[in-house]
Amino acid sequence: MHGNLTKMAISVAPVEQLVNPTDAAQYQLRLGDQLVPLNQHIGQPIALIYRGTINCTACGRKTNKSYSQGHCFPCMKKLASCDMCIMKPETCHYAEGTCREPQWGEANCMVPHYVYLANTSGVKVGITRHTQIPTRWLDQGATEALPLLKVATRQLSGLVEVAIAEHVADKTNWRTMLKGNGEHIDLVAEGKRLLAEVAPRLAELQQQFGADSIEVLGDMQVQIEFPVSQWPTKISSHNFDKNPEVRGVLQGIKGQYLLLDTGVINLRKFTGYDVEFSAE
């Protein structure tokens, strides 16, 4: 079977049940409208073959190069979801009246967001929309996570993240993340330490955006297990742009990466690529 790749679908138990270790996350490969269960293929040889076509995930047209994870160049320049403020939410310009798509901004940016801590390659701070918990943590390969703050808008979440990132990482070392789950981190204690560090800045933001614009959350630390039978000791990456055929024994899945005995591949990087999948 074949189709255009989009990020893998992942399911786990409801978030309120994740306070204890859960069953491993269940993965499905998305090929166009087709969903292919992947967990059952761990320990088996699989093949992913890029068929030479990339289609924009927004408009469907063929594109020689993928921009902003699966877009053609015109859509990348036009869509609000591809604007720089998506990567740097603190630069949101909706209030200035210059949003590329104001209705999209209202639905996706002018809504509650969470500022969270996660254990990926160590502790990091991140943000996500209220609808993307726990999806965001799963996509990043977080084995532990803690919703730290609930804030009124995406821009505000970015401003808070910038403040916290002065004291802790805001990026994942993906190579470290793929070598194992790492040590347990008490994110509740880490969260209390960081909130104390940024308390003056949070007070300033509440003065600017309103006292109820930032809400401190509880102490619910989440644990997530990923389906991995063997961790790679050395990380080498497959790349469809350099070699259209990816083959190997599937040894595990973490984040949006397939871990093969021949190397790893970040499927999200190749969103829009027409890929054929087969398994023995």
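Just so it is clear, none of the values below were taken in a lab; they were calculated from the coordinates. Treat the numbers as computed from the prediction; the structure is a model and nothing was measured. No Cβ is skipped: glycine too gets one built from the backbone with ideal geometry, and neighbour counts run over all protein chains shown.
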field: Cβ-based charge dipole, the chain, positive-most Cα from Val246, Thr6, Gln256
entry: Val246
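Quick one: putting +1 on the C-beta of Lys and Arg, -1 on the C-beta of Asp and Glu, what dipole do you get for region 74-207 around its Cα centre, in Debye to the nearest 20? Mind showing how you got there, number by number?
Numbers: 15 positive and 15 negative charges, 67 e Å.
That gives a dipole near 320 debye.
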- request: Would you work out the charge dipole size for region 238-277 about its Cα centre, treating the Cβ of every Lys and Arg as +1 and the Cβ of every Asp and Glu as -1, and quote it to the nearest 20 debye?
  value: 200 debye
- line: Over the chain, the sum of -39500 (n - 2.57) across DSSP H runs of at least four, divided by residue number and rounded to 500 deg cm²/dmol, gives at 222 nm -6000 deg cm²/dmol
task: For an R0 of 41 angstrom, estimate the FRET efficiency from the Cβ-Cβ distance between Lys88 and Ile49 and round to the nearest 0.05.
output: 0.70
task: Would you mind checking the radius of gyration and Dmax of the chain based on alpha-carbon positions, in Å?
output: 19.6, 60
- line: The size of the Cβ-based charge dipole (Lys, Arg +1; Asp, Glu -1) of the chain about the Cα centre, to the nearest 20 debye, is 1020 debye
task: Sticking with the crude label model, points 7 Å out along Cα→Cβ, report the distance from Gln26 to Lys78 in nm, one decimal please.
output: 3.8 nm
- request: Would you kindly state how much longer the chain becomes between Lys234 and Ala107 on full extension, computed as 0.36 nm times their sequence separation minus their alpha carbon distance, in nm to one decimal?
  value: 41.5 nm
query: In nm, to one decimal, how far is the Asn173 label point from the Lys192 one, both placed 7 Å along Cα→Cβ?
result: 2.8 nm
message: Can you give me the angle between helix 187-209 and the longest principal axis of the chain, using Cα atoms only, in degrees from 0 to 90, rounded to the nearest 10?
response: 60 degrees
- line: So the angle from the long Cα axis of helix 154-164 to the longest Cα principal axis of the chain, reported in degrees to the nearest 10, equals 80 degrees
query: Hey, in the GNM for the chain with a 10 angstrom Cα cutoff, which one of Tyr27, Tyr114, Tyr94 fluctuates hardest?
result: Tyr94
field: Inter-label distance, nm, simple model (7 Å from Cα along the C-beta direction), Gln208/Lys242
entry: 4.2 nm
